[in-house]
Amino acid sequence: MTGMKTLSPLAVLLPLLATPLDGEPKKDSGLPAKANPKALSDAGFTALFDGKTLKGWRKAGGTGKYKVEDDAIVGYGKNIRGNTFLCSEKSYRDFIFVFQFRFADPSGNSGCQFRSQQRNGNGRVFGYQCEHDNNRNRSYTAGIYDEARRGWLYPGKFSKESDRDAGKEFTIRGQESFKWDDWNTIVIKCHGKRIQTWLNGVARADFEDTDEKNFTPEGFIALQVHGGKSAHVKWRRLYLKEL
C-alpha cells in the first residue's frame, strides 16, 4: 500500500521479546531486556536448546565439561586443558540469535561462538565469538573476538589512540549494563558482512567485516569453556530466527 513504512525484521520482532526490569526504560528502543520464550516462539524464533538434554549439540576441543541443570546448559571444569566448545550440529548464515547467560562464578572466561568452523586436521574451533568477560575492570561482554584467528575485532586492537578511547567507552557501557548476579540477555544479529550485538538492551558491537580473506559467512554456534584453572558458566533460552 502506498505511503506505508516497511520495518526491518529486528524492529518488528524484538519489541515482543521482553519487558524492562523494574519498570526501567529500555536504553535502546526496540531491544529486549529479557528473553521471553513464548514471545520468541510466537515471533518465529526456533529454540536451539530443549531445556532438558544436549540434543542437537556436540563437544569439540579441550577438557571442559557440559551438563544440563535447572533448564540451563552448564559449562564447567577444573584445570581445563585447551578451550572447549559445545557446538550446534547445524550451521547458520544470516540470523537474529537471542540467549541468556550468567557466570555461576567469575573464575573463568567464556564466550559464544557464531558462524564458526573447525580446522582440518586438529579440529580447532575458530571464528567469531561474542565475548563473555569475567574481567570486571575491562567488561568487554558482547564485544566481538575472532577465536584462533585475528583476535579482537570490536572494539578494536588498540593500535591507535582512537581505538584506545573506544575501548574505554566500551568498558564503561559494559560496566553499566552487565549483571554479575543475574541472567544477562544477549542479542546477536548477522546480516551479510555486518555483525551487531546488544547486552540487556544496550547496543554493544557494530562491526562490518571487510577482510575478504577471513570473512566467514556461515558456520555453527558454540558455547565456550575457556582453558584455565576453573570455569563455571550457564546459558539458557537460546532462540534463533534465520533471516
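The values are calculated or read from the model by the stated rules, or taken from the named source; none is laboratory data. On a predicted model such as this, the values are computed, not experimentally measured, just so you know. Positions of Cβ are generated from backbone atoms using ideal geometry, with glycine treated the same way; all protein chains shown enter the neighbour counts.
Within region 49-78, residues that are of a type in the set (Val, Ile, Thr) have Cβ atoms under 7 Å from residues that are surrounded by fewer than 13 Cβ atoms within 10 Å (Cβ to Cβ) in these pairs: Thr63/Arg81; Val68/Lys52; Val68/Thr53; Val74/Lys67, counting only partners at least 6 apart in sequence or on another chain.
Among the conditions (1) at pLDDT below 90; (2) farther than 26 Å from Leu243 by Cα; (3) part of a loop (DSSP other than H, G, I, E, B); (4) not aliphatic (A, V, I, L, M), the only one that Asp22 does not satisfy is (3). What do you reckon, is Ser230 among the hydroxyl-bearing types (Ser, Thr, Tyr), at negative phi, at pLDDT below 95 and surrounded by fewer than 20 Cβ atoms within 10 Å (Cβ to Cβ)? No: the conditions fail for Ser230. Among the residues here, Arg149 does not qualify as in contact with a strand residue (DSSP E or B) (Cβ under 7 Å, 6 or more places away or on another chain) and either exposed (fewer than 11 other Cβ atoms within 10 Å of the Cβ) or over 25 Å from Cys87 (Cα atoms) (or both).
Beta carbons closer than 9 Å, at least 6 apart along the sequence or on distinct chains, pair a first residue in region 185-214 that is closer than 23 Å to Trp235 by Cα with a second that is among the small types (Gly, Ala, Ser) and part of a strand (DSSP E or B) for Ile188/Ala205; Ile195/Ala205; Gln196/Ala203; Gln196/Ala205; Thr197/Ala203; Thr197/Ala205; Trp198/Ala205. Among the candidates Asn120, Asn79, Asn134, which residue alone is farther than 14 Å from Phe220 by Cα and within 17 Å of the chain's Cα centre (by Cα)? That would be Asn134, the only listed residue that is farther than 14 Å from Phe220 by Cα and within 17 Å of the chain's Cα centre (by Cα).
Give the residue, chosen from Arg204, Arg164, Arg173, that is within 15 Å of Tyr140 (Cβ to Cβ) and surrounded by 21 or more Cβ atoms within 10 Å (Cβ to Cβ). Give the derivation first.
On the way: Arg164 fails: surrounded by 21 or more Cβ atoms within 10 Å (Cβ to Cβ); Arg173 fails: surrounded by 21 or more Cβ atoms within 10 Å (Cβ to Cβ).
Residue meeting the stated conditions: Arg204.
Within region 94-108, being assigned to a loop (DSSP other than H, G, I, E, B) and either touching a strand residue (DSSP E or B) at 6+ places or on another chain (Cβ under 7 Å) or buried (at least 24 other Cβ atoms within 10 Å of the Cβ) (or both) holds for Asp94, Ala104, Asp105, Ser107, Gly108.
For Ala47, the criteria (1) surrounded by 17 or more Cβ atoms within 10 Å (Cβ to Cβ); (2) at pLDDT 50 or above; (3) touching a Pro at 6+ places or on another chain (Cβ under 8 Å) hold in every case but one, which is (1).
Each residue in region 182-210 was checked for being among the charged types (D, E, K, R) and more than 18 Å from Arg150 (Cβ to Cβ), and 3 pass.
Filter region 65-93 for residues that are outside any strand (DSSP E or B) and basic (Lys, Arg); which is surrounded by the fewest Cβ atoms within 10 Å (Cβ to Cβ)? Step through it out loud before you land on a result.
Kept after step one, since they are outside any strand (DSSP E or B), are these residues of region 65-93: 70-71, 81-83, 93.
After this cut, where a residue has to be basic (Lys, Arg) as well, the list is 81, 93.
Values: Arg81: 12, Arg93: 14.
If we take residues in region 65-93 being outside any strand (DSSP E or B) and basic (Lys, Arg), then Arg81 is surrounded by the fewest Cβ atoms within 10 Å (Cβ to Cβ).
To keep it simple, each residue is scored yes or no on (1) surrounded by 17 or more Cβ atoms within 10 Å (Cβ to Cβ); (2) at pLDDT below 95; (3) within 17 Å of Ala203 (Cα to Cα).
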| residue | (1), (2), (3) |
| --- | --- |
| Gly111 | yes, no, no |
| Arg115 | yes, no, no |
| Asn120 | no, yes, no |
| Arg124 | yes, no, no |
| Gly127 | yes, no, no |
| His132 | yes, no, yes |
| Asn135 | no, no, no |
| Thr141 | yes, no, yes |
| Tyr145 | yes, no, yes |
